[in-house]
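Read the structure below first, then the notes.
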Amino acid sequence: MESPAPRVRRRDRHGRGMRGPVAPPQVPLSMSRADTFRDLVLDSVERLERRWPQLADVEFMVLEVPPPVSGDSVVPLGGSTPAEKNEPARVVVYRRPVEIRSKSRDERALLVHEVVVEQVADLLGLSPESVDPRYGQD
């Protein structure tokens, strides 16, 4: 005699069923910290692209942490690499070091913008103040 096929459970043992999301998708609560951070970087880039249209060719990235470098005790907040043969110029912002150095969302937004401005300035060979006249004043 064959054993009966296992029963498919449609509800949990308390009969309440599957739980839904805590918040609807359009509410900021439902966004992850990484998504929120990415939005801060994109806001900063959009602000700079109005003044510097050539930034449209630059690839902006967010990475969790910088790659390990032996002997260096300073953790970078960002980095930039100039364009090469088949690769576009890149600006990278490291999420975890920036989050650790900022206490509030406003402070984080300001620090993200400063990092983006500094890396763009490095890429363009200019001072941060010439890239964004409000640099360091906020």
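The values are calculated or read from the model by the stated rules, or taken from the named source; none is laboratory data. These numbers come from a predicted model, not from an experiment. Here Cβ is always computed from backbone atoms with ideal geometry, including for glycine, and neighbour counts include all displayed protein chains. Side chains included, ligands, DNA and RNA excluded: accessible areas come from the protein's heavy atoms. Shrake-Rupley method; radii C 1.70, N 1.55, O 1.52, S 1.80 Å.
Remarks
- Condition check for Phe37: out of contact with any Ser or Thr (no Cβ under 6 Å at 6 or more places or on another chain), assigned to a helix (DSSP H, G or I) and open to solvent by less than 90 Å² (accessible area, probe 1.4 Å): yes
- Residue in segment 109-130 that is among the hydroxyl-bearing types (Ser, Thr, Tyr), over 22 Å from Asp39 (Cβ atoms), assigned to a helix (DSSP H, G or I) and out of contact with any Pro (no Cβ under 9 Å at 6 or more places or on another chain) present: yes
- Restricting Asp72, Asp122 to residues that are at pLDDT below 90 and on the phi < 0 side of the Ramachandran plot narrows the list to Asp72.
- Among the residues of segment 79-100, those that are within 16 Å of Ser44 (Cβ to Cβ) and either charged (D, E, K, R) or in contact with a strand residue (DSSP E or B) (Cβ under 6 Å, 6 or more places away or on another chain) (or both) comprise Gly79, Ser80, Arg90, Val91, Val92, Val93, Tyr94, Arg95, Glu99.
- Hits in segment 47-93 (condition: assigned to a loop (DSSP other than H, G, I, E, B), free of Cβ contacts under 8 Å to residues at least 24 places away in the same chain and under 16 Å from Leu124 (Cα atoms)): Glu84
- Picking from residues in segment 83-105 that are of a type outside the set (A, V, I, L, M) and over 20 Å from the mean Cα position of the chain (by Cα), the one that is most open to solvent (accessible area, probe 1.4 Å) is Lys85.
- Any chance Gly136 is touching a residue at least 12 places away in the same chain (Cβ under 8 Å), crowded, with 16+ Cβ neighbours inside 10 Å and not in a helix (DSSP H, G or I): no
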